[in-house]
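Below is one structure, written out as structure tokens; comments come after it.
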Amino acid sequence: QVQLVESGGGLVQAGGSLRLSCAASGRTFSSYFVGWFRQDPGKEREFVAYIDGNGGATYMMNSVKGRFTVSRDNAKNTAYLQLNSQNPEDTAVYYCAAGRGPATMSASYIYWGQGTQVTVSS
């Protein structure tokens, strides 16, 4: 069992930065991939990025490549999503999730956090 808690969301101006954190409970955090997703009201949940268990492999969706970075610190049981050069289209609730393998589909993830709101003003 893994419990996930996101933090770090907020209001930022276009071009600004935020770092989202995903704190996990449990001693097996390093055995899970961590995925990041986002969802705007009225839209489907959208894959953003994932990182493997030891942080050696990452994958980002095209629209955030070069702007967002995913990382993790297993000693702290925490994963991170660094959001740089943000634009209003990045506004959404951001979720982290834990799963057993690399996946871009939300159904592949087992555990989910409650989400953190990111709002980018123009």
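Heavy-atom accessible area for Y109, with the other protein chains in place and a 1.4 Å probe, reaches approximately 10 Å². Using a probe radius of 1.4 angstrom, the carbon and sulfur fraction of the accessible surface of the chain is 47%.
In the chain the longest region clear of trypsin sites (Lys or Arg not before Pro) that are loop-assigned by DSSP and have at most 12 other C-beta atoms within 10 Å covers 66-99. For the range 1-120, averaging the sequence separation of C-alpha pairs within contact (under 8 Å, six or more residues apart) and dividing by the residue count gives a relative contact order of 36 percent. Accessible surface area normalised per residue over the chain is 50 Å², counting heavy atoms of protein chains with a 1.4 Å rolling probe.
Spacing of the modelled spin labels on Q1 and R100, each 7 Å from Cα toward Cβ, amounts to 1.9 nm. Solvent-accessible area of F33, all protein chains in place: 40 Å² (probe radius 1.4 Å, heavy atoms, ligands and nucleic acids excluded).
The values are calculated or read from the model by the stated rules, or taken from the named source; none is laboratory data. Since we're looking at a predicted model, the values are computed, not measured. Using ideal geometry, Cβ is built from the backbone for each residue, glycine included, and neighbour counts are taken over all protein chains shown. Surface areas here come from the heavy atoms of the whole protein model, side chains and all, with no ligands, DNA or RNA. Shrake-Rupley method; radii C 1.70, N 1.55, O 1.52, S 1.80 Å.
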